[in-house]
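Below: the structure, in structure tokens.
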Amino acid sequence: MTVDELKEDFALLEDWQDRYRYVIDLGKNLPPFPEADRSETWRVVGCMSQVWLKPIQTTPAMQFTADSDAHIVRGLIAILLIIYNGRTPAEVLSTDINQIFTALGMEEHLSVNRRNGFFAMVERIQRYAQNAEARS
């Protein structure tokens, strides 16, 4: 799935309850996250829920795996993986996540805590991208 397809899917769902169900369904499709990686090393600080985010490849294209103990957050993770997986570090850093966040209508419908957690995950992904670029 692409970011444009994600935006199209969100646009088709008029009701935010339907969008929440869609986000939860996206999260159900996350690949299994290894139990051994549920550690402080990969835990994302700033999320109310437990969230783990691990890069599995950083060059030439970045790939991440992640998980959470909360259904909505798992869906938000899935959205971030759609946005960032398969992108180069430079593309990750140049992605206008605020524009995508707004286009999906999330700024009006996510609680402050979930929004903060979403952007804590974005910060972590961007930090991995910065480190990958520095090593290149």
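The values are calculated or read from the model by the stated rules, or taken from the named source; none is laboratory data. Values in this document were obtained by computation on a predicted structure and should not be read as measured data. Using ideal geometry, Cβ is built from the backbone for each residue, glycine included, and neighbour counts are taken over all protein chains shown.
Tabulated results
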quantity: Residue list for the range 42-61, filter: over 13 Å from the mean Cα position of the chain (by Cα) and in contact (Cβ under 8 Å) with a residue 12 or more places away in the chain; calculated: Trp42, Val45, Gly46, Met48, Ser49, Gln50, Thr58, Thr59, Pro60, Ala61
quantity: Verdict on Gly105 being over 24 Å from Asn131 (Cβ atoms) and modelled with pLDDT of 95 or more; calculated: no
quantity: Enumeration of residues in the range 23-49 that are within 22 Å of Ser111 (Cα to Cα), at pLDDT 95 or above and not hydrophobic (A, V, I, L, M, F, W, C); calculated: Asp25, Gly27, Lys28, Arg43
quantity: Residue ID - nearest to the chain's Cα centre (by Cα), chosen from residues in the range 100-118 that are small (Gly, Ala, Ser) and in a helix (DSSP H, G or I); calculated: Gly117
quantity: Any pair with Cβ under 7 angstrom, 6 or more apart, that starts in the range 28-40 at a residue that is surrounded by 11 or more Cβ atoms within 10 Å (Cβ to Cβ) and ends at one that is hydroxyl-bearing (Ser, Thr, Tyr) and at pLDDT 95 or above; calculated: Phe33/Thr65
quantity: Entirely in the range 1-84, the helices (runs of 4 or more DSSP H) that have 2 or more residues that are farther than 24 Å from Glu123 by Cβ; calculated: 3-12, 16-28
quantity: Tally, over the range 8-23, of residues that are surrounded by 14 or more Cβ atoms within 10 Å (Cβ to Cβ) and aliphatic (A, V, I, L, M); calculated: 2
